[in-house]
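Report on one structure; see the data block that follows.
The values are calculated or read from the model by the stated rules, or taken from the named source; none is laboratory data. Owing to the predicted nature of the structure, the values given are computational and were not obtained by experimental measurement. FYI the Cβ positions are ideal-geometry reconstructions off the backbone, even for glycines, and counts take in every protein chain you see.
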Amino acid sequence: MRNEIELESIIEDYLNGKLTPEERMAFEQLRSNDPIVDHKVVAHKVFLDSMKQYANILLLKEQMDAAHDQIDVAAISEKVKPHPSRVVRIWRNNRSAIAVAASFLILAAVTLLSYYAQREQQGNIKLLDRRIDRLDKSQGDIIRVITSDAKHTNRTPAKFGGTGFAVSSNGFILTNYHVIKGADSIYIQNNKGVSFKARKFYVDPINDIAVLKVNDNSFRNLGILPYSIKKSGTAIGEMVYTIGYPKDDIVLGNGYVSSKTGMNGDSLAYQVAISVNPGNSGGPLLDNKGNIVGVINGKEEKTENVAFAVKSKYIMEALNSIPQDSLSNRVAYGKRSTLQGLERNRQVTKVQDYVFMIKVY
Amino acid sequence: MSIKLSSSVPTDREVVLGILNNSEEALNKLYAGYFPMVLQFILNNNGDEDDAKDVYQEAIIVLYNKIKNGNFELSSKLKTYLYSVSRRIWLKKLTQQRKKTNNIADFEDVLAIDEDVEQHEQKDMQFDKMKVALESLGEPCKTIIQDFYIHNLSMQDICEKFGYTNTDNAKTQKYKCLQRLKKLFFQP
């Protein structure tokens, strides 16, 4: 017992560094020779460390309690407790977010202001540009008139072609305004080669849209249209296709929407990376689900595989300005197309009966 | 080493130096400086003033241990650190109490401090174990041990305080108490 107490106090002094160097040496000798002593040293060290930590935290807690008593907790909690008003609560919770949003708004306003200030000048330059364009165009027109005059002298009947598609089952056909502009007479021809006489019913030169009405007793009702017109905008990269009559037979063109704006940022049109030729004008642009997303109306002259299409929204605007009782089984808008889920070739087979060649004399 | 603190919220450097030098003044300033922040968080997330006190003190212990162990780097603001630790501790308590924890109302940025909080939980368990062991020791053992190990009294002082006839008797008593305490503390 005596020895045990002595050993314990030596271990404690050893761990606390209170032994003289000689005692220390002797004790370490003893420790390395006696595993039981060594174990006691280790255990006591763990215990002392825990005790020290306990003492420290206890002291810290006492100090913190003292500090806590100095604080007027009730007054602070009155200030920071959840406010009965939701608005104040949201303001408090999101103070920094609101600050960020506000500074962003201010920044945006300043940027916009300075942008408009700069733009005024650029706008002037653009106007000048456009004037030059117009000169170019009028020159181009003159040349064309001359050539067509030359053709007229040859007495070969001037014949223009384009594409159109049915927007109702009773013979309303939608195409581009520029296809039928200045036409004397208009015929539509289906994929079996049968022609029907048609007349202009509605034109919208700004959006380059025209609606024709088939005026022929031999025309049969088309039945319910397989496609529908897409209500929402189309995303860049969306795969699209068009079918049309760049030649006497129907031709499929494949591509994707490459920009949400047309030529020179024209917001009425999409830019489509698709191969089209003269004659494709007025053809429907369909997505993979069989929705019409636009009408092909032109192509970039200098670049291959860049075409433009009037957005589907303007098709609907055109259709809505036609007396509704004259359209029977009109094309569905924003509904699920019956083509959805079909393979591309099956879709084309179904759609081609509703796509017509427009012949203008 | 006493630094005169002018503002109510001490700078982070002052706090770290103060804790390293056991300055009670620095601790008081730290405590008063960030308590409102934690109180606001707890009150807005299903807690009351007492919860705030407990959570805040635990968070300060985490910070204190981290600084004392020398592995506290001033990479973040003390304020953000204390807020994040308090937040973590309170959310754990809420889950334990099965109170709902969705829609946490936050007032500050939050750091990832999971490791620190887990380490703290280990230490906290040790603290509780020691506390329980001391409580179950009974008198006079509890006071002798506390006087010797916590209040740093010498065996001579203890001998006089408890009226032992000589220090050897006191030493024997302390030895017996210590053996019992160790047994209690080390038992699984």
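Observations on the model:
- Within region A:60-73, residues that are closer than 22 Å to B:Lys66 by Cβ sit with their Cβ atoms under 7 Å from residues that are of a type in the set (A, V, I, L, M) and assigned to a helix (DSSP H, G or I), at 6+ positions apart or across chains, in these pairs: A:Leu60/B:Ile61; A:Gln63/B:Leu27; A:Met64/B:Ile60; A:Ala67/B:Leu27; A:Ala67/B:Ala32.
- Checking the stated criteria, B:Arg88 turns out to be of a type in the set (Lys, Arg) and either in contact with a strand residue (DSSP E or B) (Cβ under 7 Å, 6 or more places away or on another chain) or assigned to a helix (DSSP H, G or I) (or both).
- In summary, B:Lys131 fulfils each of the numbered conditions (1) buried (at least 16 other Cβ atoms within 10 Å of the Cβ); (2) in a helix (DSSP H, G or I) with the single exception of condition (1).
- Given (1) surrounded by fewer than 22 Cβ atoms within 10 Å (Cβ to Cβ); (2) of a type outside the set (Gly, Ala, Ser); (3) modelled with pLDDT of 90 or more, number of the condition B:Val55 does not satisfy: (1)
- Any hit, region B:102-115, residues being within 24 Å of the chain's Cα centre (by Cα), outside any loop (DSSP other than H, G, I, E, B) and more than 13 Å from every other protein chain (Cβ to nearest Cβ): yes
- When residues of region A:292-330 are limited to those that are at pLDDT 80 or above and in contact with a helix residue (DSSP H, G or I) (Cβ under 8 Å, 6 or more places away or on another chain), the one surrounded by the fewest Cβ atoms within 10 Å (Cβ to Cβ): A:Gly298
- Residues in region A:291-312 that are of a type in the set (A, V, I, L, M, F, W, C) and in contact with a Gly (Cβ under 9 Å, 6 or more places away or on another chain): A:Val293, A:Val295, A:Ile296, A:Ala307, A:Phe308, A:Ala309, A:Val310.
- Qualifying residue in region A:275-283 (condition: touching a helix residue (DSSP H, G or I) at 6+ places or on another chain (Cβ under 6 Å) and modelled with pLDDT of 85 or more): yes
- Filter result for A:Tyr256 (within 26 Å of A:Lys192 (Cα to Cα) and not in a helix (DSSP H, G or I)): no
- Candidate set from region B:2-28 (those that are under 19 Å from A:Ala66 (Cα atoms) and of a type in the set (Val, Ile, Thr)); member that is modelled with the lowest pLDDT: B:Val9
- Of the set (1) surrounded by 12 or more Cβ atoms within 10 Å (Cβ to Cβ); (2) more than 14 Å from chain B (Cβ to nearest Cβ); (3) more than 11 Å from A:Ile11 (Cα to Cα), all apply to A:Ile57 but (2).
- Within region A:218-271, the set of residues being of a type in the set (A, V, I, L, M), within 28 Å of the chain's Cα centre (by Cα) and at pLDDT 85 or above comprises A:Ile229, A:Met239, A:Val240, A:Ile243, A:Leu252, A:Val257, A:Ala269.
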